[in-house]
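Participant: Attaching a single structure in structure tokens format; questions to follow.
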Amino acid sequence: MPETLLSSQAVDLIVVERNGFIESRHRGAAVVVDAAGDIVSSLGDPQGLIYPRSSLKPFQALASMQSGVPLRGAEVALACASHIGSAEHMELAKVMLHKAGLTEEDLGCPPSWPAHEGTRIDMVLDGEGKSKVAFNCSGKHAAFLWACTENGWDTKTYLSPEHPVQQRVVEVVEQYSGEKISHLGVDGCGAPVPAISLAGLARAASKLAQAPGDKHSEARAATIATAMLDYPWAVQGHGLPNTVVMEELGVLAKLGAEGVLVLAAPNGTAVAVKMLDGSGRGTDMLGLTMLARAGAITDEQLASILPKISRPILGGPVPVGSVRLADGVMELLG
């Protein structure tokens, strides 16, 4: 059967140190591409197949927009989001559904409690149950459904791989990654998810990040990249890593489940990371370090942002260790 990287195709990327003892190791692969999509550096096998999971959401949003969905402003960012279900996230998803002439019940993603603690507490105190708009992919699903109402497509089967909106997603991913899709799975939200290479994911992100400054790029792609940077709170949540990176560095940032992360600077330098154990711990540190080594951000920017997106290892309330790059990573990066 198709499979992701073998351990032999990966390297130690992140270690977790507690009281001077390395307690855990995270193996995986990572790649940096330039504006032309050429590989600048890599750790492990950059051609290994992965499910990009939610890191593909900007391209799924692009497919919806190509299908006629008139997303505007923060709606564009929410269609790309793995959001935390804050009140403002959920309200925006409801607005999108209303504009499509639909309701929360039309969503094909599962109901969920918000990851945002304050909103979750408010819902419990108000006697509310789980909500589909609280699910982190509700913006993407609302955009898919809106594509259906714009075109007269069936809203009940919009998650089927044969549905026109999902066929358009495959076309977009193939165009931006430069790869032919040979395998489709099902993501945690119920939407189809294609397998592509880590390098293909980085190439796709590179093209997206360059779109606002490239008159030859598709206008909708430029709109997506711009909206993610203009409304970073909608893409994840206030104070969270993807949002902070976009706010402070102007670098597109999009996580995916199972240890996937993609970062892309406006000059087209892009990084894609996949951890074999599915952990996202340390992916931001690694990806940003690789961007800095490639010259897409400065060392000063890197030093400034890492404390804001990294968490110490605690022994009770006291920091006793850290999540850090594995020994040898910098040597491998040259």
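Participant: May I ask you to say which residue of Gly250, Gly278, Gly295, Gly328 is surrounded by fewer than 24 Cβ atoms within 10 Å (Cβ to Cβ), closer than 20 Å to Gln9 by Cβ and without any contact (Cβ under 8 Å) to a residue 40 or more places away in the chain?
Facilitator: Checking each option against the conditions leaves just Gly278.
Participant: Let me ask something else. Would you check if there is a residue in segment 124-140 being more than 24 Å from the chain's Cα centre (by Cα), modelled with pLDDT of 95 or more, over 15 Å from Ala93 (Cα atoms) and surrounded by 14 or more Cβ atoms within 10 Å (Cβ to Cβ)?
Facilitator: Checked against the condition, which is being more than 24 Å from the chain's Cα centre (by Cα), modelled with pLDDT of 95 or more, over 15 Å from Ala93 (Cα atoms) and surrounded by 14 or more Cβ atoms within 10 Å (Cβ to Cβ), segment 124-140 yields no hits at all.
Participant: Collect the residues in segment 76-99 that are among the acidic types (Asp, Glu) and touching a residue at least 24 places away in the same chain (Cβ under 8 Å), keeping them in residue-number order. Break it down stepwise before answering.
Facilitator: Here is the first cut: in segment 76-99, the ones among the acidic types (Asp, Glu) are 88, 91.
If the condition is that a residue be among the acidic types (Asp, Glu) and touching a residue at least 24 places away in the same chain (Cβ under 8 Å), then Glu88 is the only one that fits.
Per-residue answers, yes or no, for (1) in a helix (DSSP H, G or I); (2) crowded, with 17+ Cβ neighbours inside 10 Å; (3) of a type in the set (Ser, Thr, Tyr); (4) touching a Leu at 6+ places or on another chain (Cβ under 7 Å):
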| site | (1), (2), (3), (4) |
| --- | --- |
| Ala142 | yes, yes, no, yes |
| Pro161 | no, no, no, yes |
| Cys189 | no, yes, no, no |
| Ala199 | yes, yes, no, no |
| Lys207 | yes, yes, no, no |
| Gln210 | yes, yes, no, no |
| Ile224 | yes, yes, no, yes |
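Condition check ((1) under 21 Å from Pro194 (Cα atoms); (2) of a type in the set (Asp, Glu)) across all residues:
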position: Pro2; (1), (2): yes, no
position: Leu6; (1), (2): yes, no
position: Asp34; (1), (2): no, yes
position: Ile50; (1), (2): yes, no
position: Arg53; (1), (2): yes, no
position: Phe59; (1), (2): yes, no
position: Ala74; (1), (2): no, no
position: Val95; (1), (2): no, no
position: Thr103; (1), (2): no, no
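Participant: What tally of residues in segment 49-94 results from selecting those that are hydroxyl-bearing (Ser, Thr, Tyr), assigned to a helix (DSSP H, G or I) and either touching a Leu at 6+ places or on another chain (Cβ under 6 Å) or over 22 Å from Glu150 (Cα atoms) (or both)? Write out each step before concluding.
Facilitator: Quick first cut of segment 49-94, residues hydroxyl-bearing (Ser, Thr, Tyr) only: 51, 54-55, 64, 67, 82, 86.
Of the ones still in play, those that are also assigned to a helix (DSSP H, G or I) are 54-55, 64.
This time we only want the ones that are either touching a Leu at 6+ places or on another chain (Cβ under 6 Å) or over 22 Å from Glu150 (Cα atoms) (or both), so: 54-55.
Count: 2.
Participant: Sort out which residues of segment 11-40 are small (Gly, Ala, Ser) and under 21 Å from the mean Cα position of the chain (by Cα), and write them in order of number.
Facilitator: The answer is Gly28, Ala29, Ala30, Ala35, Gly37.
The values are calculated or read from the model by the stated rules, or taken from the named source; none is laboratory data. The model shown is predicted, which means the values in this text are computed figures rather than measured ones. With ideal geometry, Cβ positions are generated from the backbone for all residues, glycine too; neighbour counts draw on all protein chains shown.
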